[in-house]
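K.L.:
I have a structure I would like to understand better, so I am pasting it below and will then ask my questions one at a time.
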Amino acid sequence: MNNVSPQAPIPFIARCDAAQCELWLTALRLAMPDENIVAFATLDADARAACKLAIVANPDPAEVAQLPQLEWVHSVWAGVEKMVAELGDSGLQIVRLVDPQLAATMAEAVLAWSLYLHRDMPAYARLQQTGQWQQLDYVRPQNRTVSLLGLGALGDAAARQLLNAGFKVCGWSRQLKNIPGVATFAGDEGLQAMLQQTDILVCLLPLTAQTRHLLNAERLSWLSQDATLINFARGPIIDDEALRAALDQGRLKHAVLDVFATEPLPSDAWQWPHPAVTVLPHISAPTDRETASAIVAGNIRAYRADGSIPPTVDLSRGY
């Protein structure tokens, strides 16, 4: 049996506004009525000294450092690159959220915005602005290739949605994977081969040292003429200046951007007014508090029962 008392408080540590923190506390408490889930600020010195685990959402490292016995943290977010960068040398074990609902939500977004580009909605919006009644040529989805960068849980779910919609689907990952109906690629040569046949490119990769600026000027140039791009991953995976140049020069037809190097996107950022950019406020796959809390609760129950900790982040990879 684990030597952690079930009555020991579990702090919720997050950098969010008070209203958002309270919503998370409510959801977590409903999912774990036998646990004492508290805001970090309410812990006294004795309680902080007793904490072995914490539930976190982009936690302040200074607050984490005030828990001397902390062994592991459970994030309520799937993306943990910022936390890994800030806490990676602390010795803490970091558990990221793995939620099937998140994958389903992301797959829905990938399909929706792929259809937006497939049916050329940006072009129709421009025609409306100038009062032009013009019908554009229709392309069947069977003649359109949607390529996914990243074939983890999110990419796998997105691929299935795209296949069901009739698209040709390709996917790239660090190591070659096998997904029925999907043409899969791996490595640098595989990336070039995939991009050269891509009509719509969807980025779902985690941000790591290896993926930062993965889509640079050279790799963007591998995309076919009039290709479009969707970034639902992290802003720095794409070199912003290279992307801007490709859009300005018409080598890339349109980009749907949900993530940026700086968020919220500054009001003077070039993406806002650019005619070939659709700006979204990081909404492609919001975490579902109810399902996330249930998953965290299940993992903590297992920890209380036998000391088992869910699979943790590989700090060398960053996810």
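The values are calculated or read from the model by the stated rules, or taken from the named source; none is laboratory data. Just so you know, these numbers come straight off a predicted model, no measurement behind them. Neighbour counts are summed over all protein chains in view; Cβ atoms, including those assigned to glycine, are modelled from backbone coordinates with ideal geometry. What goes into the accessible areas is simple: the full protein's heavy atoms, side chains included, and nothing from ligands, DNA or RNA. Shrake-Rupley method; radii C 1.70, N 1.55, O 1.52, S 1.80 Å.
K.L.:
Mind listing whichever residues of the stretch 126-138 are open to solvent by 50 Å² or more (accessible area, probe 1.4 Å) and either within 13 Å of PRO275 (Cα to Cα) or in a loop (DSSP other than H, G, I, E, B) (or both)?
P.N.:
Residues satisfying the conditions are ARG126, GLN129, THR130, GLY131, GLN132, TRP133, GLN134, GLN135, LEU136, ASP137, TYR138.
K.L.:
Considering only the stretch 52-87, how many residues are small (Gly, Ala, Ser), in a strand (DSSP E or B) and in contact (Cβ under 8 Å) with a residue 40 or more places away in the chain?
P.N.:
Number satisfying all stated conditions: 2.
K.L.:
Name the pairs: first residue in the stretch 98-114 and more than 17 Å from ILE230 (Cα to Cα), second residue assigned to a helix (DSSP H, G or I), Cβ to Cβ under 6 Å, at least 6 apart or on different chains?
P.N.:
Listed by first residue and then by second, the contacts come to ASP99/THR291; ASP99/ALA292; ASP99/ILE295; GLN101/THR291.
K.L.:
Something else now. Being touching a residue at least 24 places away in the same chain (Cβ under 8 Å) and open to solvent by 40 Å² or more (accessible area, probe 1.4 Å) is the requirement here; does ASP44 meet it?
P.N.:
no
K.L.:
So, in the stretch 93-111, exactly how many residues are within 14 Å of the chain's Cα centre (by Cα), farther than 15 Å from THR312 by Cβ and among the hydrophobic types (A, V, I, L, M, F, W, C)?
P.N.:
Qualifying residue count, the stretch 93-111: 7.
K.L.:
Can I ask one more? Restricted to the stretch 275-319, and to residues that are buried (at least 17 other Cβ atoms within 10 Å of the Cβ), hydrophobic (A, V, I, L, M, F, W, C) and closer than 18 Å to ILE55 by Cα, which residue is farthest from the chain's Cα centre (by Cα)?
P.N.:
ILE300
K.L.:
Taking the condition acidic (Asp, Glu), without any contact (Cβ under 8 Å) to a residue 60 or more places away in the chain and either over 19 Å from ALA227 (Cβ atoms) or touching a helix residue (DSSP H, G or I) at 6+ places or on another chain (Cβ under 9 Å) (or both), does ASP137 pass?
P.N.:
no
K.L.:
Taking PRO275 as the residue in question, decide whether it is assigned to a loop (DSSP other than H, G, I, E, B), modelled with pLDDT of 95 or more and within 25 Å of ALA85 (Cα to Cα).
P.N.:
For PRO275, the condition - assigned to a loop (DSSP other than H, G, I, E, B), modelled with pLDDT of 95 or more and within 25 Å of ALA85 (Cα to Cα) - is not met.
K.L.:
When you scan the stretch 150-173, do you find a residue that is closer than 19 Å to ARG219 by Cα, touching a strand residue (DSSP E or B) at 6+ places or on another chain (Cβ under 9 Å) and modelled with pLDDT under 95, even just one?
P.N.:
No - not one qualifying residue is present in the stretch 150-173.
K.L.:
So, in the stretch 77-92, of the ones that are within 15 Å of the chain's Cα centre (by Cα) and open to solvent by 60 Å² or more (accessible area, probe 1.4 Å), which residue ends up modelled with the highest pLDDT?
P.N.:
It comes out as TRP77.
K.L.:
Being among the aliphatic types (A, V, I, L, M) and open to solvent by less than 20 Å² (accessible area, probe 1.4 Å) is the filter here; which residues of the stretch 108-125 pass it?
P.N.:
Passing the criteria: ALA109, VAL110, LEU117, ALA123.
K.L.:
With the condition being without any contact (Cβ under 8 Å) to a residue 60 or more places away in the chain and buried (at least 22 other Cβ atoms within 10 Å of the Cβ), I'd like the strands (runs of 3 or more DSSP E) fully within the stretch 152-266 carrying at least 2 qualifying residues.
P.N.:
Answer list for the stretch 152-266: 168-173, 200-203, 227-231, 252-257.
K.L.:
Residues that are under 13 Å from the mean Cα position of the chain (by Cα) and of a type in the set (S, T, N, Q): does the stretch 68-75 have at least one?
P.N.:
no
K.L.:
While we're here: Which of (1) farther than 25 Å from ARG29 by Cα; (2) at pLDDT below 95 is the odd one out, the single condition GLY307 does not satisfy?
P.N.:
Of the numbered conditions (1) farther than 25 Å from ARG29 by Cα; (2) at pLDDT below 95, the odd one out for GLY307 is (1).
K.L.:
Sort through THR105, THR26 and tell me the only one that's in a helix (DSSP H, G or I), in contact with a Pro (Cβ under 8 Å, 6 or more places away or on another chain) and open to solvent by 10 Å² or more (accessible area, probe 1.4 Å).
P.N.:
THR105
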